[in-house]
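A.B. asks: I am attaching a structure below and will ask some questions about it afterwards.
Quick note: the coordinates plus some simple rules give every number you see, no bench work behind them. Keep in mind that what you see is a predicted model, and the values were worked out from it rather than measured.
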Amino acid sequence: MIHAVPKKLIVMDVDGVLFKGQFILHLSRSLGRLMYTRTAILCLLFNLNKLSIRELLTRVYAQFKGMPLQQLQTVYKNIGVIHHARETVESLCKHGYQVVLISSGVPDIFVKDLAIRLLAHDGYGVKIGMNDEKLTGEVSGRLSQAQGKKELIEEILSKNNLTWKDAIVLVDDRNNLDIMHKAGINIGINAHYAVRQRAHYLIDSGNLAEVLDILNIEDADTYTTLFAGMRKQFTFSWYQEIRRKALHILIAFVPLFSGFLYFPTLVALFSLILVYMISEFLRINGYSFPFFGKITRSSIRRAEERGFAFGPVTLVVGAMLSTIFFSASIASTGIWIVAFADTAATLAGRKLGNHRLPYNKKKSLEGTLVALIVAFFCGHVYFPTFPALLAASFSSMIESLPLRALDNLFIPLGTGILLWCLGYA
């Protein structure tokens with residue numbers, strides 16, 4: 001049963017939040033690669049703050065002049081919607097929230113139809129000019145203006161005797177920054193960097209049901225039961241660390257390949273860095289690199305969601321520099337220590353760590369001791385007991401410092417320099 005007087009207003013953007021991608025990009029793709037490229041460039045300029053929302057819409061919809069309305073409807077119906085959208089909206093309405101869809105890029109007729117499909121209270125989009133069932137290329141209405149969303153939300157809030165503190169907004173790009181600042185709660189869905197940095201909560205899973213968890217809404221239906229399993233997964237985040245460290249351990253194969261494919265190995269590592277950096281740039285702007293992006297998304301920590309995760313970059317750079325500047329035995333020792341000892345320290349610290357280090361509360365004495373033991377065995381493969389123990393002690397000390405992702409770089413290089421100074425060139 002929907003409450004007569006809503007306790008909160010939930011505003012959902014459409015492009016990038018409910019829709020998988022942007023409506024104008026889907027529409028331009030149906031007109032060919034050239035039109036799609038032009039539209040994509042205009043969207044990029046908008047995201048870089050080089051175009052206003054009004055300029056973007058005017059220039060994009062001018063390209064669609066003469067397009068039949070039937071073609072727009074076909075494109076609209078083929079756009080995928082985020083997982084569990086209808087179930088989530090239904091649950092929100094059932095618990096007394098008023099849900100409205102607002103878009104500055106999707107025509108009003110489609111936003112209203114989407115609101116009906118998802119069981120939302122209402123939907124608002126831009127007005128498009130029509131003549132004999134064909135687009136005139138004109139776009140108008142309040143939502144085509146810079147302050148349009150803010151003014152419309154204020155109007156809805158006033159009608160329901162609510163304030164901005166009672167507003168919850170689900171957004172993805174910089175066109176929503178003004179309403180983010182005013183809303184009581186803002187949630188970034190596959191958010192671009194500007195939104196990602198300011199959002200109270202982030203959802204990158206592609207599952208709108210996470211909103212129910214954020215708002216502490218319990219429901220007995222099957223979709224909430226499904227999300228309860230996700231909640232359990234978040235609680236036991238060390239499973240994520242296992243996935244993360246499994247990727248971490250792969251760096252241990254560098255000494256093996258560099259032994260008989262030296263230059264190809266270095267080229268492969270450099271290429272890996274480039275691909276990863278592109279993937280991360282896309283991730284923090286709400287997109288996903290094919291295949292590679294899915295792997296990194298499943299491995300990053302919650303604290304890394306808002307910005308660039310540099311861990312893999314420093315890990316690969318450390319392995320590359322060790323391979324270039326040190327002998328095979330020293331390079332192998334340093335790389336194996338960062339692959340195995342650092343991994344063991346993290347997993348042991350999460351499972352067994354009860355005694356925090358005084359200079360780094362995020363690390364534990366137990367994790368550091370495990371790192372020392374594993375590092376010793378890594379070093380003892382090539383070196384006698386004393387230098388292996390010395391290298392293990394030094395590397396475990398580096399691992400325990402609050403260096404964040406830089407330990408991936410300093411452990412192999414620091415260990416290598418130490419062994420080189422001891423005369424094991």
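A.B. asks: At q = 0.17 Å⁻¹, what base-10 log of I(q)/I(0) does the Debye formula yield for the stretch 353-425 when every alpha carbon is treated as an equal point scatterer in vacuo?
C.D. replies: The calculated log intensity ratios at q = 0.17 Å⁻¹ are -0.61.
A.B. asks: Take the cross-link list K7/K159; K94/K149; K112/K159; K7/K94; K77/K150; K65/K127 and give me the ones stretching past 23 Å between alpha-carbons.
C.D. replies: Beyond 23 Å: K94/K149; K77/K150.
A.B. asks: If each DSSP helix of 4+ residues adds -39,500 (n - 2.57) and the sum is divided by the residues in the chain, what number results at 222 nm, nearest 500 deg cm²/dmol?
C.D. replies: About -16500 deg cm²/dmol.
A.B. asks: Counting alpha carbon pairs within less than 8 Å and at least 6 residues apart, what relative contact order, in whole percent, applies to the chain?
C.D. replies: 12
A.B. asks: Note down the Stokes-Einstein diffusion coefficient of the chain in µm²/s, whole number, using a Kirkwood radius over alpha carbon pairs, 25 °C, and 0.890 mPa s.
C.D. replies: Rounded, D is 101 µm²/s.
A.B. asks: Please list, ordered by chain and number, the residues whose modelled amide H lies under 5 Å from the amide H of V106; skip anything fewer than 5 residues away on the same chain.
C.D. replies: V126
A.B. asks: Where does helix 148-159 land angle-wise versus the long Cα axis of the chain, in degrees 0 to 90, nearest 10?
C.D. replies: The angle comes out near 70 degrees.
A.B. asks: Here's a follow-up. Based on the alpha-carbon gyration tensor of the stretch 77-188 and its eigenvalue square roots a ≥ b ≥ c, which shape applies: rounded if a/c is under 1.5, prolate if not and a/b is larger than b/c, or oblate?
C.D. replies: It comes out oblate by the Cα gyration axes.
A.B. asks: Rounded, prolate or oblate for the stretch 304-414? Axes are the square roots of the Cα gyration tensor eigenvalues, ordered a ≥ b ≥ c, and the cut-off for rounded is a/c under 1.5.
C.D. replies: Oblate shape, in that a/c is at least 1.5 and b/c is the bigger or equal ratio.
A.B. asks: If you take the Cα Rg of the stretch 8-232 and divide it by 2.2 N^0.38 Å, with N the number of residues, what do you get?
C.D. replies: Taking the Cα Rg and dividing by 2.2 N^0.38 Å, one obtains 1.00.
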